[in-house]
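What follows is a short report on a single structure.
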Amino acid sequence: MTPEFAQRMAGVRPSAIGELLALGAEPSIISFGGGYPDAALFPTDRLEAVFRDAIRTPGGAALQYAPSDGLPRLRMQIAALMTADGTPCTGDDVLILQGAQQGLDLAARMLVDPGDVIVTEDPTFLGALIAFEASQPAYAVVPMDAEGMQTDRLAEVLARTPRARMIYTVPDFQNPTGVTLSLARRHALIALANRHDLIVLEDTPYRHIRFSGAPLPTLKSLDTEGRVIHLGSLSKVLVPALRIGWAVAAPALLARMGLLKVAADTQTSTLNMTAASLFLDRHDLMSHVAGLRAAYARKRDAMLVAIRRHFPQDIHVTEPEGGLFTWATFAPGFDATAFMRDVALPQARVAYVPGASFFPQSPRPNHARFNFSARSEADIHTGIAALGRALHAHRFP
Ligand code: PMP
C-alpha cells in the first residue's frame with residue numbers, strides 16, 4: 001500500500017546530507033564529519049564497574065521501571081552540578097531526559113503549533129531542526145558573528161515576527177560554528193525574551209568543554225521570569241551511549257515536558273540512570289572533564305595549525321574556545337556539498353559536513369563544519385593536508 005501520512009510528516013524526511021555522511025563512514029576515509037567525542041578517552045573501566053554494580057542493585061531496582069522524571073538521586077546530582085556551575089537549582093527542578101535531543105523534541109511539541117515561529121541562530125544545530133520538524137514550525141533566523149547571535153538583529157526579527165514562540169540557542173561553543181555568545185548578548189537576549197514574552201531554549205552539551213577563557217553565566221542563571229528551558233547532557237562529558245540528558249525549567253514547563261516524556265518513552269533507562277548516578281557518586285566528573293578539555297584543546301590547535309598551513313589563505317575558520325567544531329567559510333560561489341561529493345570523498349578521502357543543511361531557511365553553500373575531537377592529531381594533519389592539496393588543485397587546476 002501507499003501509506004497516507006499525517007500532515008505533521010510533511011517535513012519529516014531523510015536529508016540528502018545523510019547519504020554523503022554515510023560515505024564518509026568508510027574506514028579508508030578520514031572523517032571530520034560526525035560530532036563524536038574521542039572514544040579513546042571514554043572511562044571504560046569505570047563504566048564497566050558501575051554497570052556491573054548497578055545491575056546487582058538489591059531487589060533488582062536498576063532493572064525495574066523507575067519514576068518517569070528520573071531517579072531522584074540522579075536528579076539531585078545533576079542539580080548539584082548545575083549549582084556548582086552557577087545555576088542554582090534542586091532535584092525537583094531537573095527532568096532527566098533521553099539525551100538533550102529529547103528535550104528539543106519535547107519543548108517544540110509542548111510550545112509550537114503548526115506555523116508558530118522558532119527563532120534560531122543562522123546557522124544552527126541540524127539535529128534541532130530535525131527534532132522541531134514534527135511540530136511544523138516556521139523559522140526566523142538571526143545572523144551570527146564572533147560573539148554569537150547578533151542580538152540587535154534579534155530585536156529586529158522579533159519586532160516583525162508576532163508568531164514567535166521560542167528562541168533556540170546553543171550559547172556555548174555552538175554546533176556548528178564553535179562560537180560562544182558573549183556576556184553582553186546573553187543579557188540582551190534575556191531582556192528581549194522578557195519584552196516579547198518568549199521561551200528561551202538553551203542547549204548546552206559543550207558547555208564544560210572549555211579550553212580557555214572564563215565560563216560565562218548560563219542563560220538560565222540570568223532568567224528572572226522562569227522563561228528559560230535549560231538543556232544539559234552527559235553525552236560529551238561522559239559517553240553518548242548513556243543517553244542521559246536533562247532539562248532545568250520552571251515547574252509549570254517541566255511538568256508538561258514530563259507528561260510528554262511519559263507519552264514518548266515512559267522513562268529513561270533505569271540501568272543507565274543508575275550507572276550514571278553511581279559514576280557521579282564515585283568519581284569527580286569535572287576532573288574527568290579536565291582531561292577531555294586538555295586533549296580536545298590540543299586537537300583544536302592541531303586542526304587550526306594544519307588549516308592555516310594547508311588551506312588556501314582566503315578560507316576563514318572560527319577559533320573556538322571550546323567544544324568540538326570549527327566552521328569554515330569558503331569564497332562566495334564555492335559549493336562545499338559538490339566539492340565533498342566530487343573531490344573531497346573520492347580524491348582526498350576526507351569527509352566534513354557541508355554547511356548548507358545547518359541553515360533553516362536559505363542554505364549558504366560556501367561553508368563546512370569540521371569536527372576535531374574524534375580523530376587523532378596524526379589523522380588531523382594527514383586529512384587536512386590532503387584536503388588542502390585538493391582545494392588548491394581545485395582553484396588552480
Ligand atoms: N544539542 C546539540 C547542540 C548537540 O550538538 C547535540 C549532540 N550532537 C545534542 C543537542 C544532542 O545531544 P544528546 O546526545 O544529549 O542527545
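Coordinate-derived values only; no laboratory data. Predicted model, so just to flag it, every value in this text is computed and none were measured. All Cβ positions, even for glycine, are placed from backbone atoms using ideal geometry, and neighbour counts span all protein chains on display.
Quick look at the numbers
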{"quantity": "Cβ-defined net charge surrounding D38, 10 Å radius [Lys, Arg +1; Asp, Glu -1]", "calculated": "+2"}
{"quantity": "When the convex hull of its Cα atoms is projected in every direction, mean area for the chain (nm²)", "calculated": "20.8 nm²"}
{"quantity": "Choice from D152, D314, D53 with maximal GNM fluctuation in the chain (Cα, 10 Å cutoff)", "calculated": "D314"}
{"quantity": "Proximal lysines to K299, defined as alpha-carbon separation beneath 20 angstrom and excluding residues fewer than eight positions away on the same chain", "calculated": "K236"}
{"quantity": "Extension reserve of the R153-A84 stretch, reckoned as 0.36 nm per residue once the Cα distance is removed", "calculated": "21.5 nm"}
{"quantity": "The stretch 1-100: trypsin sites (Lys or Arg not before Pro) in DSSP coil with no more than 11 other Cβ atoms inside 10 Å", "calculated": "R56"}
{"quantity": "Mean Cβ count within 10 Å, highest first, over the residues of peptides 233-246, 252-265", "calculated": "233-246, 252-265"}
{"quantity": "Beta bridges by DSSP in the chain, antiparallel share as percent, to the nearest 5", "calculated": "50 percent"}
{"quantity": "Electrostatic dipole magnitude of the chain [Cβ: Lys, Arg +1; Asp, Glu -1; Cα centre; debye, to 20]", "calculated": "360 debye"}
{"quantity": "Net lengthening on full extension, H316/T382 (0.36 nm per residue, minus Cα-Cα)", "calculated": "21.8 nm"}
{"quantity": "From phi via Karplus (6.51, -1.76, 1.60), per-residue ³J(HN,Hα) for the stretch 122-130 in Hz, x at Gly/Pro", "calculated": "10, x, 9, 5, 4, x, 6, 4, 5"}
{"quantity": "Value of relative contact order over the chain, rounded to a whole percent, pairs C-alpha under 8 Å and six or more apart", "calculated": "23 percent"}
{"quantity": "Size-normalised alpha-carbon gyration radius of the stretch 103-150, reference 2.2 N^0.38 Å", "calculated": "1.16"}
{"quantity": "Extended-chain gain in nm, criterion 0.36 nm per residue less alpha-carbon gap, E19 and M1", "calculated": "3.9 nm"}
{"quantity": "Hz values of 3J(HN,Hα) by residue in the stretch 285-293 - Karplus curve (6.51, -1.76, 1.60), Gly and Pro given as x", "calculated": "4, 5, 7, 4, 5, 4, x, 5, 4"}
{"quantity": "GNM result for the chain, Cα springs below 10 Å: residue of Q347, Q64, Q267 fluctuating most strongly", "calculated": "Q64"}
{"quantity": "Peptides ranked, highest mean first, by Cβ atoms within 10 Å: ranges 317-330, 103-116", "calculated": "317-330, 103-116"}
{"quantity": "For the stretch 279-397, convex hull of alpha carbons as volume per residue, Å³", "calculated": "123 Å³"}
{"quantity": "Aspartates and glutamates whose Cα lies under 13 Å from that of K261, excluding same-chain neighbours fewer than 8 positions away", "calculated": "D69, D105"}
{"quantity": "Cα-based Rg / Dmax (Å) for the stretch 194-315", "calculated": "18.5, 53"}
{"quantity": "Local net charge near A54, Cβ-Cβ under 13 Å (Lys/Arg +1, Asp/Glu -1)", "calculated": "+2"}
